[in-house]
Amino acid sequence: MKFGVVVFPGSNCDADAYHAFRDALGQPTTYLWHKDHDLKGVDCVILPGGFSYGDYLRSGAIARFSPLMQEVREFADKGGLVLGICNGFQVLLELNLLPGAMLRNKKLKFLCQYVTIRLENDRTPFTRKGTKGQILRIPIAHFDGNWYAPLETLKEVEDNGQVVFRYCDPEGALTEEANVNGSLHAIAGLVNKRGNVCGMMPHPERAVEPVLGSEDGLVVLQSLLEKIS
Amino acid sequence: MKARILVSFKDSVLDPQGQTVRNALHTLGYDAVQDVRQGKVFELDLSGISKAEAERLIPEIAGKVLANMVIEKYTWQILED
């Protein structure tokens, strides 16, 4: 399976993602320059973390208009797999490929720490290697990760089972303290209705080797290789 | 022709930055301040189009780019001809 990591000006987890998919997962991986109109025949597009366009205007708001995003949208519309991590999640929200928007973290602080998240839906291409209720320890690093949506959107997202991860305490309980950025319903990761586009604030690519302190991110990466049954 | 666009959070969306400013004002004794909503101001310098075209273009730009309509709203005005 071939992976493509999109590079925007200001991306800073592109090399991490490239390393994770190529070396930790052992799959052919290539960079995709945001100005090109070429997805180079990849099977899965990764929108990495960082500060595309300096987070000017709003996080992900300018990257959304990058030339390559046209191809990414068509790819997603055809059912292609797209994973947005952190800033990549913000870009997917701005693109309207995922519902809702990001607000500043509830305590107005940039958060750079490990969190524990609970896997809520194990039937998506991004989580099928894991099991529902499984707790993963994965780092976050963001200022705008406070996911918000109008009530009717939130209800739809919940009813459709689109929530893939929630912030939880180490035992898996949903507490206000564990919901570090204040996201509605402690949502840390989402898929679209069709299930082929996923956005998550935690960085699975930073948790793929023992030397990094956690390998829990591999659940997400390896899920992408699982054959659809 | 200049246009000014004001983008702010919808009333239904919590504005923690505005609240922090309000709290700071209270600390300074400005107790009359009940609430603070923070927003962004954009000034566009437009040329080569009529006022009617500008009146069509400005809300289009504001709704598509300057504001995220999931969480924000905007108002606009043309400042000079």
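How large is the dipole of chain B about the Cα centre if only Lys and Arg carry +1 and Asp and Glu carry -1, each at its Cβ, rounded to the nearest 20 debye?
Values: 10 positive and 12 negative charges, 33 e Å.
Charge dipole of chain B: 160 debye, to the nearest 20.
Give, in nm to one decimal, the length gained when the segment between A:HIS37 and A:PHE65 is fully stretched (0.36 nm per residue of separation minus the Cα-Cα distance). Working shown, then result.
Details: separation 28, 0.36 × 28 = 10.08 nm, distance 1.24 nm.
Gain in length upon complete extension: 8.8 nm.
In terms of solvent-accessible area of protein heavy atoms at a 1.4 angstrom probe, what is the ranking of A:ILE187, A:ILE62, highest value first? Can you show the working numbers first?
On the way: A:ILE187 0, A:ILE62 60 Å².
Of A:ILE187, A:ILE62, the descending order of accessible area is A:ILE62, A:ILE187.
Please get the size of the charge dipole for the protein assembly as shown, origin at its Cα centre, with Cβ charges of +1 on Lys and Arg and -1 on Asp and Glu, quoted in debye to the nearest 20. All intermediate terms of the calculation are to be shown ahead of the outcome.
Values: 34 positive and 39 negative charges, 49 e Å.
That gives the protein assembly as shown a dipole magnitude of about 240 debye.
Please check: in the Gaussian network model of chain A (C-alpha springs, under 10 Å), which one of A:CYS44, A:CYS168, A:CYS112 has the largest mean-square fluctuation.
Greatest mean-square fluctuation among the candidates belongs to A:CYS112.
Computed FRET efficiency, Cβ-Cβ of B:LEU79 and A:THR131, R0 41 Å: what is it to the nearest 0.05? Write down the numbers at each step before the final one.
Values: r = 59 Å, r/R0 = 1.44.
The formula returns an efficiency of 0.10 here.
How far is it, in nm, from the label point at B:LYS40 to the one at A:HIS185 when both lie 7 Å from their Cα along the line to the Cβ?
Label at B:LYS40, label at A:HIS185, 2.8 nm between them.
Which whole-number percent is the relative contact order of chain A (Cα, under 8 Å, 6+ apart)? Before the final figure, lay out each step's value.
On the way: 551 pairs, mean separation 45.9, N = 229.
In percent, rounded to a whole number, it is 20.
What chymotrypsin sites (Phe, Trp or Tyr not before Pro) does the range A:24-130 have in DSSP loop regions with at most 15 other beta carbons within 10 Å? Write out the running numbers ahead of the final one.
Working: sites: A:TYR31, A:TRP33, A:PHE51, A:TYR53, A:TYR56, A:PHE65, A:PHE75, A:PHE89, A:PHE110, A:TYR114, A:PHE126; in loops: A:PHE51, A:TYR56, A:PHE110, A:PHE126.
Here the sparse-neighbourhood loop sites are A:TYR56, A:PHE110.
Can you work out the FRET efficiency for the pair A:LYS106 and A:LYS155, with r the C-beta to C-beta distance and R0 = 25 Å, to the nearest 0.05?
Numbers: r = 22 Å, r/R0 = 0.86.
E between A:LYS106 and A:LYS155, to the nearest 0.05, is 0.70.
Decide, for chain A, between rounded, prolate and oblate: order the square roots of the alpha carbon gyration tensor eigenvalues as a ≥ b ≥ c, take rounded if a/c falls under 1.5, and otherwise choose prolate if a/b is larger than b/c, else oblate. Let's see the in-between values first.
Working: a/c = 1.32, a/b = 1.17, b/c = 1.13.
Verdict is rounded for chain A.
Considering only DSSP states other than H, G, I, E and B, which trypsin sites (Lys or Arg not before Pro) in the range A:102-133 qualify as loop sites with at most 13 other Cβ atoms within 10 Å?
Working: sites: A:ARG104, A:LYS106, A:LYS107, A:LYS109, A:ARG118, A:ARG123, A:ARG128, A:LYS129, A:LYS132; in loops: A:ARG104, A:LYS106, A:LYS107, A:LYS109, A:ARG123, A:ARG128, A:LYS129, A:LYS132.
Passing both the DSSP loop test and the Cβ count: A:LYS107, A:LYS109, A:ARG123, A:LYS132.
Sticking with the crude label model, points 7 Å out along Cα→Cβ, report the distance from A:THR30 to A:ASN96 in nm, one decimal please.
3.1
Would you calculate the separation in nanometres between label points at B:SER12 and B:ILE49, each defined as 7 Å from the Cα along the Cα-to-beta-carbon direction?
Going from the B:SER12 label point to the B:ILE49 one covers 2.9 nm.
The values are calculated or read from the model by the stated rules, or taken from the named source; none is laboratory data. As the structure is a computational prediction, the values presented were derived from the model and not from experiment. As a convention, Cβ positions derive from the backbone with ideal geometry for all residues, glycine included, and neighbour counts pool all protein chains shown. Note: accessible area is taken over every heavy atom of the protein model, side chains too, but ligands, DNA and RNA are not part of it. Shrake-Rupley method; radii C 1.70, N 1.55, O 1.52, S 1.80 Å.
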